[in-house]
Amino acid sequence: MTTARALRGPFDYRLPEELRGGVVEVGSMLVVPFGRREVLGVVVGLTDSSEVSEEKLLAPLRALELGVPVDLVILAEWIAAEYCSTIARALTLVLPPGAARRLSGRKRRAVTRSPHLPVGTRRPEPPTLTADQREVLQSLTGALIERRPIGDRPKQRLLHGVTGSGKTEIYLRAAEIALGQGRGVIVLVPEITLTPQIVGRFSERFGDTVAVLHSRLRPSERYAEWRRLRAGEARVCVGPRSAVFAPIEDLGLIVVDEEHDASYKHEGDPRYDARDVAVQRARSADALLLLGSATPRPESTHRLPSSLLPHRVDGRPLPDVQVLDMRGETQGLHPLTAQALAEVRGERGKAIVLLNRRGWSNFLSCRSCGRVWSCPHCDVALVLHRAGGYVACHHCGHREPVPARCGECSSTSVARHGAGTERLAHELAGVLDDGGFPVFRLDADVVVAADAAVLLRRFEAAESGVLIGTQMVAKGHDFPDVTLGVVLDADATLRFPDFRAEERTFALITQLAGRVGRGGEGRVLVQTIAPEARSIMHAARHDSNGFLTDELERRQALCYPPFSHLIRIVCSASEAARAQAAASAIRVGLEASPPGSNTSVLGPAALFRLRGRERQVLVVKTAERRPTVRAVGEAVRRVAAAREHAGVNFSVDVDPQ
Ligand code: ADP
Ligand code: ZN
Ligand code: ZN
């Protein structure tokens, strides 16, 4: 028995007579006395004996009506070990939404259905599959139908298909087969508000048996969907990463759409990766795991057998991509970009422009003393948001009014450097919007005020216009009338000091190109000061196999994933010396008892100050994951318990993104 709070647990309780004999089983949720409080607990095991003496054992107060399926309790145990967390924290992932709050009992959670589900909608005839699609589906059918002994070879497939090649139709047909076998289906998508189309297609095809989980649902709606799944009324769950914990019994298929998307990694504790959790869940349920993308991760290409869909469904070619060298250019737009946008306006067409940086200017500086406005809590520059009238830190959220004068020298001359989406949208509106060619903006700032889906529908409904935004504009949108795509400052993502920088840049350009020419001709312009970068050259040729081969060679040479596992340990404190002392102590601890021969520790190295805390990072590279995760956990616990490291915070991230 363990509680839903971040306690070490499990703890022993004595079952009273009325809860014995199968009433309570693994996964049951119980209200138990804990100290002076009542807390919610989940049964993780039943036993005849306890190390606690009979008189000291307390009894639970009552059992809740619905518990968690046993296999999700086992999955939580796996997550705790895999991501260096505790079983209590891992269990919070698999509990029904709002379980802890319902316990407080003040208000009873009316159960309401989600209004987003079109109930009993018409079901359009599914299209006839293309030859390529038929072949892929055939190759999946065996795995969907045959049942193998648990622990047998896992059923896994990577569906590597270019944008618009009909991957979603494969997911739908595979789901149909699984449902026909009486088995359930989970479909993971990166972000429902940005890609409502896929939810619509599942609901259209399967009606009420689809439950949808997403961030905009109210807690009562979320709980209602969870109950429908738990009761078996709904057998398909579509949702973001947390939907991998949907309480579906006898799972036959897990789909991970856009498997390259970074949102599958959870940034809170436990820092789980929904793609790896899906691997584990599919394996233990004997379900087929189907990962789909036009830009799969090198890890997936390396580990999984692939099925290919190399052509768009309608046989249309992918758009021509032209790389524009911006070295020596002084304007923000290359002359060819300006001309192409003017042409689209002339033809009353549509264009999408990607600039992966929000705000008006990247930073402000004083023209007389050179001071840069930076965050008081983090070592980063503040970004100007002109319409809002403030400068903001994009790391901690700190805001202050736009400065009128320099705090050092009192000069009123403030320089604005660089351009983000706010400024670009403003400037392009000045040039292009002469009535009838509107400029739409999509980034995290406008999405706070309006629903992303509403903004996207406005662009879709417009007769012509241009959509400007951050990486949000490159998600799986399907607008048939977009003929021009533009990527500005394409190498911005390459400048991050991260071994995934190339992969991200390649994916961003390729995904944007995927939004273009879906209903006819199209072209893409990529502005960059790094025209020879591998990721940009391969993206311009639509050569994802070439890119993946190169990238895997590089990863192997440098011993990066998938050829090793990384564990990142961050120590933070109010003073740099304290953070560094703690990080060094962890390093010493790891070196004193190395978990395996193929393990190396890098660092400590300083990270920039964040939220007022100085940070030091260690990176552990290893070939042996489990023992190393355990050794890191122990080393961190020992250092955290030592008095000389009081006040230092620790975070451990296995498979950091
Ligand atoms: P992807 O997920 O690979 O981007 P989709 O499954 O969204 O591709 O397919 C792209 C478009 O082609 C969609 O509008 C879809 O309805 C349509 N489509 C998919 N398969 C077929 C088919 N076999 N015949 C006709 N249209 C199809
Ligand atoms: Zn100054
Ligand atoms: Zn800050």
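The values are calculated or read from the model by the stated rules, or taken from the named source; none is laboratory data. What you see is a predicted model; the values in this text were computed from it and never measured. Please note: Cβ atoms are built from the backbone with ideal geometry, for glycine as well, and neighbour counts cover all protein chains shown.
Any residue at all in segment 525-537 that's at pLDDT 95 or above, in contact with a Pro (Cβ under 9 Å, 6 or more places away or on another chain) and closer than 20 Å to Q471 by Cβ? Checked segment 525-537: no residue is at pLDDT 95 or above, in contact with a Pro (Cβ under 9 Å, 6 or more places away or on another chain) and closer than 20 Å to Q471 by Cβ.
Inclusion of R113 among residues that are at pLDDT 85 or above and surrounded by fewer than 19 Cβ atoms within 10 Å (Cβ to Cβ) is not warranted. Within segment 531-554, the residues that satisfy the criterion of being in contact (Cβ under 8 Å) with a residue 40 or more places away in the chain and assigned to a loop (DSSP other than H, G, I, E, B) are P531, A533, R541, H542. Summed over segment 15-49, the residues that are within 22 Å of I74 (Cα to Cα) and surrounded by fewer than 14 Cβ atoms within 10 Å (Cβ to Cβ) give a count of 10. Of the residues making up segment 346-360, those that are outside any loop (DSSP other than H, G, I, E, B) and surrounded by 21 or more Cβ atoms within 10 Å (Cβ to Cβ) are K350, A351, I352, V353, L354.
So that you can scan it fast, the table gives a plain yes or no per residue for (1) over 22 Å from the mean Cα position of the chain (by Cα); (2) within 16 Å of S306 (Cβ to Cβ); (3) away from ligand 1 (no atom under 16 Å from the Cβ); (4) surrounded by fewer than 21 Cβ atoms within 10 Å (Cβ to Cβ):
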| site | (1), (2), (3), (4) |
| --- | --- |
| V136 | yes, yes, no, no |
| I145 | yes, no, yes, yes |
| R148 | yes, no, yes, yes |
| D152 | yes, no, yes, yes |
| L159 | no, yes, no, no |
| T163 | no, no, no, no |
| L179 | yes, no, yes, yes |
| V187 | no, no, no, no |
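Picking from residues in segment 410-438 that are surrounded by fewer than 21 Cβ atoms within 10 Å (Cβ to Cβ) and of a type in the set (A, V, I, L, M, F, W, C), the one that is nearest to ligand 2 (Cβ to nearest atom) is V414. Take the conditions touching a Lys or Arg at 6+ places or on another chain (Cβ under 7 Å) and aliphatic (A, V, I, L, M) and apply them to L159. Does it pass? Here the answer is yes, as L159 does meet what is asked. Residues in segment 350-375 that are without any contact (Cβ under 8 Å) to a residue 24 or more places away in the chain and away from ligand 2 (no atom under 16 Å from the Cβ): C375 only. Can G612 be described as in contact (Cβ under 8 Å) with a residue 24 or more places away in the chain, farther than 24 Å from W78 by Cβ, small (G, A, S) and out of contact with any Lys or Arg (no Cβ under 6 Å at 6 or more places or on another chain)? Yes. What is the number of the single condition among (1) among the hydroxyl-bearing types (S, T, Y); (2) assigned to a loop (DSSP other than H, G, I, E, B); (3) modelled with pLDDT under 95; (4) under 30 Å from V255 (Cβ atoms) that S284 does not meet? Status for S284: all satisfied but (2). Only one residue in A585, A579 is assigned to a helix (DSSP H, G or I), more than 16 Å from ligand 3 (Cβ to nearest atom) and crowded, with 23+ Cβ neighbours inside 10 Å, so which one is that? Result of the check over A585, A579: A579. Suppose we filter segment 445-459 for residues that are surrounded by 15 or more Cβ atoms within 10 Å (Cβ to Cβ) and either small (G, A, S) or in contact with a helix residue (DSSP H, G or I) (Cβ under 6 Å, 6 or more places away or on another chain) (or both); how many remain? Number of matching residues: 2.
In this structure, R312 does not qualify as more than 16 Å from ligand 1 (Cβ to nearest atom) and either surrounded by fewer than 20 Cβ atoms within 10 Å (Cβ to Cβ) or not acidic (D, E) (or both).
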